[in-house]
Amino acid sequence: QARCAAKYFLPDPIPESVVREVLAATLRAPSSFNFQPWACVIVRSAAQKDALAPAMLGHNATRMKIAPLTAIFCADVTPSARADAVRRNHAAAGLASSVSDNIVKLMQGYSGDDGSGGVDGARARGTEAWAFKMTGFAAQTYLLGMAAHGESERRRNAIYV
């Protein structure tokens, strides 16, 4: 019933089993045509956090350095580049190649990657907007997973995304 923003973190580590379970659930976050146009990078080392600090605004650099891990979600704004990986995943799941090829064509038309302009002018708005939206779904799934494990509510093991 209550929601708050965690701004201060203790450096207690988050169990690896929790991180793996939440990332596995994140992989099942909804995305159009299951293209999953995003990547998630988990950063734990102080050296990597130091390298990221200049990209943070205000006090966020300090908060990120203290948090036990930082999850970085990156949008892939060229979804057609994932077509081969999607075909491989579909084949592994037992889908016929004709079904997979149709899904790839649908995605390319939907996003405008086929040069058509996309559904309702999606290309005019940019494939980037689509990729950002799909990445947002993944990040939200990750945060909800961490909250379900009590990692955001307890704040002692809070995360910074």
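The values are calculated or read from the model by the stated rules, or taken from the named source; none is laboratory data. Keep in mind the model is a prediction, meaning the values are calculated, not measured. All Cβ positions, glycine included, derive from the backbone under ideal geometry; neighbour counts span all protein chains shown. We work out accessible area using only protein heavy atoms, side chains counted, and drop any ligands, DNA or RNA first. Shrake-Rupley method; radii C 1.70, N 1.55, O 1.52, S 1.80 Å.
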Within segment 36-43, can one find any residue that is without any contact (Cβ under 8 Å) to a residue 60 or more places away in the chain, surrounded by fewer than 12 Cβ atoms within 10 Å (Cβ to Cβ), touching a strand residue (DSSP E or B) at 6+ places or on another chain (Cβ under 7 Å) and not in a loop (DSSP other than H, G, I, E, B)? yes
LEU52: passes all of (1) open to solvent by less than 80 Å² (accessible area, probe 1.4 Å); (2) more than 19 Å from the chain's Cα centre (by Cα); (3) free of Cβ contacts under 8 Å to residues at least 24 places away in the same chain but (2)
ALA47 fails exactly one of the following numbered conditions: (1) open to solvent by less than 80 Å² (accessible area, probe 1.4 Å); (2) under 19 Å from GLN140 (Cα atoms). What is the number of that condition? (2)
When you check MET56 against the structure, is it at pLDDT 80 or above and under 13 Å from ASN34 (Cα atoms), yes or no? no
Name the single residue that is surrounded by the fewest Cβ atoms within 10 Å (Cβ to Cβ) among those in segment 57-85 being of a type in the set (A, V, I, L, M) and touching a strand residue (DSSP E or B) at 6+ places or on another chain (Cβ under 9 Å). ILE66
Could you go through segment 97-115 and let me know if any residue there is modelled with pLDDT under 75 and loosely packed, with under 14 Cβ neighbours inside 10 Å. yes
